[in-house]
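What follows is a set of notes on a single structure, which appears directly below.
The values are calculated or read from the model by the stated rules, or taken from the named source; none is laboratory data. Here the structure is a predicted model, which means the values were calculated and not measured. Every residue, glycine as well, gets a Cβ built from its backbone with ideal geometry; the counts of neighbours run over all protein chains shown.
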Amino acid sequence: MKLFLLPIGSWEPHPGLEEDLDTRIAAKIAEILSERVGGNVLPPIPFSASFEWEESISLKVETLSAVLRDVNESIKKLGGALVVVNAHGGNSGLLQAIARQEGFYVIDFYGSCGIKVGHSALTECLVAKVLGVIDTICEKGKEWPRRKVEGARIKVGRYDEEGYSFYEIQIKIMRCLEEITKELKGLEP
């Protein structure tokens, strides 16, 4: 079975980092996995249903769902399997729901690797640096804005969840990619 890896991230403000950082991380993960298991890396989808952040460029849920459905149907006609590689936390639940409905695979990078990432801060920056996506000095962010009542959108800033070192991120990513590689090689034709 031929795999088609489709990176998806987001286009949203990352203070101190690039707006397309999530997409670039997803594309790099897809590239690494393709080298290990074969298959095609498709051009990334640079937008997502990223309505949680102010100043994002986003697709409506139904638009993203329709795009993924059409891509999946085209790949099935080619005798292949779609594997969506996600590196944007706000996509996680939505992509899983669409995948169950439409019958494709999803790799939720951060969830799969057990990396608790905030937004535009140390952990996300270190992940990008380990993958060679950026060459930036990484800085710690603020405390995540946790409240009892949340609005639909969160003010953009640097928010961290965990305090990992470069080495810890590197080890987590290496181990996780090995596990994902094994799973992809074991997919049924």
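Numerical summary
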read-out: Any hit, region 21-39, residues being more than 20 Å from residue 169 (Cα to Cα) and among the hydrophobic types (A, V, I, L, M, F, W, C); value: yes
read-out: Pairs with Cβ under 6 Å, 6+ apart, first in region 58-76 and at pLDDT below 95, second among the hydroxyl-bearing types (Ser, Thr, Tyr); value: 58/50
read-out: Residue ID - surrounded by the fewest Cβ atoms within 10 Å (Cβ to Cβ), chosen from residues in region 129-186 that are among the aromatic types (Phe, Trp, Tyr) and modelled with pLDDT of 90 or more; value: 167
read-out: Hits in region 24-60 (condition: over 16 Å from the mean Cα position of the chain (by Cα) and closer than 28 Å to residue 187 by Cα); value: 35, 36, 37, 38, 39, 40
read-out: Tally of residues being at pLDDT below 95 and surrounded by fewer than 23 Cβ atoms within 10 Å (Cβ to Cβ) across region 80-90; value: 2
read-out: Flag if residue 93 is within 22 Å of residue 185 (Cβ to Cβ) and surrounded by fewer than 17 Cβ atoms within 10 Å (Cβ to Cβ); value: no
read-out: Selected residue (criterion: farthest from residue 76 (Cα to Cα)) from residues of region 1-49 that are modelled with pLDDT under 90 and of a type in the set (Gly, Ala, Ser); value: 16
read-out: Residue match in region 108-126 (condition: more than 14 Å from the chain's Cα centre (by Cα) and of a type in the set (D, E, K, R)); value: no
read-out: Where residue 117 falls short, out of the listed (1) assigned to a helix (DSSP H, G or I); (2) closer than 30 Å to residue 165 by Cα; value: (1)
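Residue-by-condition table, conditions (1) touching a residue at least 40 places away in the same chain (Cβ under 8 Å); (2) outside any strand (DSSP E or B); (3) over 15 Å from residue 25 (Cβ atoms):
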position: 93; (1), (2), (3): no, yes, yes
position: 96; (1), (2), (3): no, yes, yes
position: 107; (1), (2), (3): yes, no, no
position: 110; (1), (2), (3): no, yes, no
position: 124; (1), (2), (3): yes, yes, no
position: 140; (1), (2), (3): no, yes, yes
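Each row is one residue, and each column tells you yes or no for (1) out of contact with any Ser or Thr (no Cβ under 9 Å at 6 or more places or on another chain); (2) surrounded by fewer than 21 Cβ atoms within 10 Å (Cβ to Cβ).
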{"site": "5", "(1), (2)": "no, no"}
{"site": "8", "(1), (2)": "no, no"}
{"site": "12", "(1), (2)": "no, no"}
{"site": "25", "(1), (2)": "yes, no"}
{"site": "35", "(1), (2)": "yes, yes"}
